[in-house]
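Each reported figure results from applying straightforward, stated rules to the coordinates on display, with no laboratory input. The model shown is predicted, which means the values in this text are computed figures rather than measured ones. For neighbour counting, all protein chains shown are included, and Cβ atoms are generated from backbone atoms with ideal geometry for every residue, glycine included.
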Amino acid sequence: KNIEVAIADKGWDEGWIVAEPPEHRTGKTVAVVGSGPAGLSCAAQLNEAGHLVTVYERADRIGGLLMYGIPNMKLDKSYVQRRVDLMVEEGVTFVPNTEIGTDIQATELVESFDSVVLCGGATKPNDLPIEGRDLNGIHFAVKFLHQNTKSRLDSEHADGNYISAKDKHVVVIGGGDTGTDCVGTSVRHGCKTITQFEIVDRPPDERLPNNPWPEFPRIYNLDYGQEEAAAKFGYDDPREYLTSATKFVGDEDGNIKELYTSRYEWVAGDNGRPSPKPIEGTETVRPADLVLLAMGFRGPEDTVLEQLDVERDPRSNVQAEEGKYTTNVPGVFAAGDMRRGQSLVVWAFKEGREAAREVDRYLMGSTDLP
């Protein structure tokens, strides 16, 4: 990784990486819905093949998850923008502030373009529908992160158009990368305290027998957000395992002021699958001025898929076989989290490139794309 990054950085610094528009155009048109990692990689490959590519993005900036889902301290947005600018020079058309399914009907794209690729991500967040959920100060993590990055890019936070954690008791419910980003961002805002709840048990310090090399090690570690919280507040770790909220409590103005939590254990149900169950006698009341829900995502949003009558798999993702990426709608393909569910950026890049290959094959009868 470090070698590849060093080569790429050197290439940009020395001006070796320049626009390379295709020598010939095929006359075929492709609409890509979503400008995240899958959409960008797909658009770049299709443009290289000579097709006329238009990428639609509902946000005001291009980049999707790369722009607004990942905080600046993990991915400087200048790196995203320089790649987008390069793609514009190479002939890709980007249309921001345009939501397919609302501003433009999804069926219009199918009628207007030779092919459509759905790369809208898995952006429907999991909720926590317990007592007090409607109180002010409880937000989905993606909203918190999106507004923070947008305000920073627009005005270095001078406009105040973001959810501030400054001087607040912050509780992050859920782990994973999104939860870590919420912790790191809250610390940078100047929160009073930060606590993170994970419903699963603490991972072991070393690999278990069922997790041998070369599998990814499922072991305990401190990510950057937890490291920074530990350094600022003197924690060993801001995370509390096998713990979650059971009730939110507000003040007279309808603002969150505290929450009840319980310890949990995983118990096998009638179907044999384990599920979390609160342990009696472990209930605790905690102060909370800001609660961020980082509990993962349930799948893609419905509007576009319903307008096109796209079939879905049992997890509500687009039904499209990996390696082919074709949906039940002729000429419509799907890639990235919209197809596979919430996953890593590298998988989205891979799927976007592979979907471009299959779109090219569909349009031309054969393909030279990798």
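Restricting the GluC sites (Glu not before Pro) of the range 310-368 to loop positions (DSSP other than H, G, I, E, B) with no more than 16 neighbouring Cβ atoms within 10 Å leaves 311, 321, 322.
Along the range 116-126 the Karplus relation, 6.51 cos²θ - 1.76 cosθ + 1.60 evaluated at θ = phi - 60°, assigns HN-Hα couplings of 10, 10, 8, 10, x, x, 10, 10, 8, x, 6 Hz to successive residues, with x for each Gly and Pro. Between residue 312 and 319, the built amide H atoms are under 5 Å apart, and every one of these is 5 or more places off in sequence or on another chain. Applying the criteria of a DSSP loop state and at most 12 other Cβ atoms within 10 Å to the GluC sites (Glu not before Pro) of the range 13-93 yields 23.
Taken along the Cα-to-beta-carbon direction at a fixed 7 Å, the label points for residue 8 and residue 20 span 1.6 nm. Residues whose amide H lies under 5 Å from that of residue 297, counting only those 5 or more places away or on a different chain, are 126; hydrogens are built 1.01 Å from N in the peptide plane. Here is what passes the span test in the chain: the DSSP H helices with alpha carbon length of 27 Å or more along the helix axis and a Kyte-Doolittle mean of -1.0 or above are 345-364. In summary, the chain shows an alpha-carbon radius of gyration equal to 1.08 times the 2.2 N^0.38 Å reference for compact globular proteins.
By DSSP, the beta bridges lying fully in the chain are antiparallel in about 40 percent of cases.
Which aspartates and glutamates does residue 350 reach when only Cα atoms under 19 Å apart count, and residues fewer than 8 places away in its own chain are ignored? The qualifying aspartates and glutamates are 4, 48, 321, 322, 337, 358, 360, 368. Computed over neighbours whose Cβ is under 11 Å from that of residue 90, the net charge equals -3, Lys and Arg +1, Asp and Glu -1. Along the chain, counting only trypsin sites (Lys or Arg not before Pro) with a DSSP assignment other than H, G, I, E or B and at most 16 other Cβ atoms inside a 10 Å radius, the longest segment between sites is 219-314.
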